[in-house]
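Written below as structure tokens is the structure these notes are about.
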Amino acid sequence: MKAKQIQENLGFNFLRLSICVVICALIIILYDIVSKGIGVINWKFLTSMPKNGMTEGGILPAIVGTILVTLITALLAIPLGMGCAVYLNEYAADSKLTRLIRMAIRNLSGVPSIVYGLFGVILFVQMMRLGTCVLSSGLTLGLMTLPWTITASEEALKNVPNSYRQGALALGATKWQSIKTNVLPYAVPGMLTGTILGLSRAAGETAPILFTGAAFFLPRLPGSLFDQFMALPYHLYVMSTQHHAISKVRPIAYGTALVLIALVFAMNLCAVIIRYRLRKARTE
């Protein structure tokens, strides 16, 4: 009994130590970025164009470019990913082919983002002749986000009890009617949460947009989806490693990092709010 109590205490202490290490690391990183970046954040920084080789001015083109690419990513990944998840979980037979497809999707979610970038160059830039532009980058990020969306959506669908489906079918509903009325209302909060988390990851990616549309320096907004653009993650990469006056632009780099973190945090907050409201509406 005493040995079991010692093992339990050791286990709890290990868990407490793990969460303390993670929280401390997170606090240190956030403190460093916020303390060094908050000084450059103001209205002019957020709404003006970069000037003098990005040593002065703001980051408006990078903010607009990131939002545009994220919207295109969402338009591709959300309907296609959720549709694939519904088919795999509700309609597809439990065969070797289905399991093979499911395993391939899981593996695709672990493929490095640079590989998606090279694939996007071949497919969208060269074969489809879209050129290096906002659309090519958004579609590339959409492909990268699809495995995450499908996996998260399918897991949310699996959590819906089978009795909900069987009850609707027993009352004479069709397969689609049972999914629409008894499955999706309970699975949508989880599906949206996973999807928005995937989009948050895509918004912070640099490698896929590096070859497909992001520009080093563009002191203007993209006029169409076929123009090159600036993006926050690539802008941060350039300011931190490639700029000719790294020490001079260091505060701007920290300010850009802070804006990017705020954007990702806002997207995650949206996921939490949407999930809360949908669950609240379901219980009322």
### Task
Among 215, 236, 107, flag the residue with its Cα farthest along the positive direction of the charge dipole of the chain, charges on Cβ as +1 for Lys/Arg and -1 for Asp/Glu.
107
### Query
Once percent of Cα pairs over 34 Å apart is worked out from the coordinates, which option in [x] 21; [y] 35; [z] 16 does it equal?
[y]
### Task
Stick to the Cα atoms of segment 36-133, pair each with every other, and give me the Kirkwood hydrodynamic radius in Å at one decimal.
17.5 Å
### Task
Express the carbon and sulfur contribution to the solvent-accessible surface of the chain as a percent, rounded to the nearest whole number, probe 1.4 angstrom.
69 percent
## Note on the structure
Under 5 Å from the placed amide H of residue 56, counting only residues 5+ away or on other chains, we find 51
### Task
Taking only Cα atoms and a 10 Å spring cutoff, compute GNM fluctuations for the chain and point out the largest among 231, 173, 74.
173
#### Entry: Under 19 Å, Cα to Cα: Lys pairs in the chain, sequence gap 8 or more or different chains
8
### Query
In Å², what does the accessible area per residue of the chain work out to with a 1.4 Å probe?
56 Å²
### Task
Work from the charge dipole of segment 1-91 (Cβ charges, +1 for Lys and Arg, -1 for Asp and Glu, about the Cα centre) and give the residue of 57, 11, 79 farthest towards its positive end.
11
### Query
Sorted by mean Cβ packing within 10 Å, highest first, what order do the peptides 79-91, 250-262, 21-33 take?
250-262, 79-91, 21-33
### Query
Top mean-square fluctuation among 270, 20, 133, Gaussian network model of the chain, C-alpha springs under 10 Å?
20
#### Entry: Radius 14 Å from Cβ of residue 254, net charge of other residues (Lys, Arg +1; Asp, Glu -1)
+2
### Query
Which angle between 0 and 90 degrees, to the nearest 10, do you get for helix 184-203 versus the longest principal axis of the chain when only C-alpha atoms count?
20 degrees
### Task
Project the alpha carbons of segment 98-247 onto their principal axes and report the range along each, largest first, in whole Å.
69, 36, 32
### Surface accessible to a 1.4 Å probe, residue 176 within the full protein complex, Å²
130 Å²
### Task
Compute the projected area of the convex hull of the Cα atoms of segment 178-251, averaged over all viewing directions, and report it in nm² to one decimal place.
7.8 nm²
### Query
What do you reckon, how do 229, 12 stack up by accessible area (1.4 Å probe), largest on top?
12, 229
### Task
Note the angle between two axes, namely the Cα long axis of helix 2-37 and the longest principal axis of the Cα atoms of the chain, as a number of degrees from 0 to 90, rounded to the nearest 10.
30 degrees
### Query
Given the rule -39500 (n - 2.57) for each run of at least 4 DSSP H residues, summed and divided by the residues of the chain, what is its mean residue ellipticity at 222 nm, to the nearest 500 deg cm²/dmol?
-23000 deg cm²/dmol
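The values are calculated or read from the model by the stated rules, or taken from the named source; none is laboratory data. If you're wondering where the values come from, they're calculated on a predicted model, not measured in any experiment. A quick note on method: Cβ atoms are made from the backbone with ideal geometry, for glycine too, and the neighbour counts reach across all protein chains shown. Note: accessible area is taken over every heavy atom of the protein model, side chains too, but ligands, DNA and RNA are not part of it. Shrake-Rupley method; radii C 1.70, N 1.55, O 1.52, S 1.80 Å.
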